[in-house]
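FYI, it's all coordinate maths here, none of it is from the lab. Model, not experiment: these values are computed from the prediction. All Cβ positions, even for glycine, are placed from backbone atoms using ideal geometry, and neighbour counts span all protein chains on display.
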Amino acid sequence: MKKLWIILITVLILSLIGGFVAFKLTGNMASNSGTKIKLETTKGDIVIQLYDQQMPITAGNFKKLVSQGFYNGLTFHRVISGFMIQGGDPEGTGAGGPGYTIKDEYTKTDLDKNLRGTIAMAKSSTPDSAGSQFFINLVDNAFLNGGYSVFGKVVSGMDVVDAIGKVKTGANDKPIEDVVIIKASVI
């Protein structure tokens, strides 16, 4: 009986330590919670988990646009191998958006890091200029930290992201053959 109590106490202590580490890294005890978005593309499916609680403005805007069908039929208009893939522009040029902008948003935690597989809002050099364009990091891009609102991460389909990152591109890093977001949906 004494061994059982020791095991139970050990498990409890390890669980508390693990929860504390998750909180320190993400600012959220439930680090695996959050709305999931599925991007069905011509290269395969990508599932993104949003940081709903920590990034309510940015994640909320993305979720709203997905729910409205905004991203359906849009392309990844900018692809830079070894850096990132960018989409969400209705014009397909890098200059378009939804007709409004949102406030830059940062957590001041490790969630702000542009790590491989994270999704962040693309914007101009002007503060608070993001709208609908986003990018997914192909590698850790520390030089972007604190400049672009990271609002989620890829939880499935990173192989698809990598495949998109390897397509042939032409002028302005635009893929020669369109990579289309056939449908974006909340799952």
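Here's the yes/no breakdown for (1) in contact with a strand residue (DSSP E or B) (Cβ under 9 Å, 6 or more places away or on another chain); (2) of a type in the set (A, V, I, L, M, F, W, C); (3) part of a helix (DSSP H, G or I):
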| residue | (1), (2), (3) |
| --- | --- |
| Lys123 | yes, no, no |
| Asp128 | yes, no, no |
| Gly146 | no, no, no |
| Val154 | yes, yes, no |
| Val161 | yes, yes, yes |
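With the checklist (1) under 24 Å from Ala171 (Cα atoms); (2) among the small types (Gly, Ala, Ser); (3) touching a residue at least 12 places away in the same chain (Cβ under 8 Å) in hand, flag the one item Gly157 doesn't pass. Failing condition for Gly157: (1). Only one of the listed residues (Gly69, Gly82, Gly99) is touching a residue at least 60 places away in the same chain (Cβ under 8 Å), out of contact with any strand residue (DSSP E or B) (no Cβ under 8 Å at 6 or more places or on another chain) and loosely packed, with under 15 Cβ neighbours inside 10 Å. That residue is Gly82.
When Thr41, Thr93 are checked against the criterion of being among the polar types (S, T, N, Q) and touching a strand residue (DSSP E or B) at 6+ places or on another chain (Cβ under 6 Å), a single residue qualifies: Thr41.
Restricting attention to the range 111-122, the residues being in contact with a Lys or Arg (Cβ under 8 Å, 6 or more places away or on another chain) and not hydrophobic (A, V, I, L, M, F, W, C) number 2. Among the residues making up the range 76-90, a single one is in contact with a Phe, Trp or Tyr (Cβ under 7 Å, 6 or more places away or on another chain) and polar (S, T, N, Q): Gln86. Looking across the range 114-155, just one residue is over 22 Å from Pro98 (Cβ atoms) and among the acidic types (Asp, Glu), and that is Asp140. Taking the range 173-187 as the range and being buried (at least 16 other Cβ atoms within 10 Å of the Cβ) and free of Cβ contacts under 8 Å to residues at least 60 places away in the same chain as the test, no residue passes. Here Gly147, Gly170, Gly165 are screened, and the one residue that is in contact (Cβ under 8 Å) with a residue 24 or more places away in the chain and more than 13 Å from the chain's Cα centre (by Cα) is Gly165.
Residue under question is Ala142, and the condition is that it be without any contact (Cβ under 8 Å) to a residue 24 or more places away in the chain, of a type outside the set (Lys, Arg) and loosely packed, with under 14 Cβ neighbours inside 10 Å; does it hold? Before the answer, list the steps.
On the way: without any contact (Cβ under 8 Å) to a residue 24 or more places away in the chain: no; of a type outside the set (Lys, Arg): yes; loosely packed, with under 14 Cβ neighbours inside 10 Å: yes.
No, not satisfied.
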